[in-house]
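Below is one structure; the comments refer to it alone.
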Amino acid sequence: MASVATADERGDGIHIGSVRGAFAIGNYNTVTHHEGGSTPAMDPAQEELLRAVRALRDDLARAVQSPQVTALSGELAETETEIADTGAAGPGRVARLRTALADAGGVVGLLASGAAVVQAVAALVGG
């Protein structure tokens, strides 16, 4: 009786030398891959703040400029960058944003997007 060689014994098997990234072999697999430089997952409150900040920035671009609106626009831009880069706006950034919102209160109060940012900030600082 002859012996039957396996695929590896015949040299026909699968050989993986090195792998970079993610892969799956077989049916019904799911692969999730995160590169080392990717941003961490955001919590829902930070995601909401980011959406609201972007909307208010768009609205403020059409508003009459004043020193307060200019300062708020800058703070919004820095907040957006911080959330996009790190996944969250730190407590100091949120405090500065809250102050800028209060300083530009006349314009912010007229915009629905302004109210959304105020609510998102309040949710993060607890009041």
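A 1.4 Å probe run over the range 42-111, with the rest of the protein chains in place, finds 53 Å² accessible per residue. Across the range 116-124, rounded Karplus estimates of 3J(HN,Hα) from the backbone phi angles (6.51 cos²θ - 1.76 cosθ + 1.60, θ = phi - 60°) give 5, 5, 4, 5, 5, 5, 4, 5, 6 Hz, Gly and Pro being marked x. All Cα-Cα separations within the range 48-104 were binned at 5 Å from zero, giving a P(r) of 4, 22, 33, 26, 12, 4, 0, each value a whole percent of the pairs. The residues packed around GLY87, meaning those with a beta-carbon under 13 Å from its beta-carbon, carry a net charge of -4 if Lys and Arg are +1 and Asp and Glu are -1.
The values are calculated or read from the model by the stated rules, or taken from the named source; none is laboratory data. Bear in mind that the values here come from a model prediction, so they are computed numbers and not experimental data. Quick reminder, even Gly has a Cβ in these numbers, built from the backbone with ideal geometry, and neighbours come from all protein chains shown. For accessibility, only protein heavy atoms count, side chains too; no ligands or nucleic acids. Shrake-Rupley method; radii C 1.70, N 1.55, O 1.52, S 1.80 Å.
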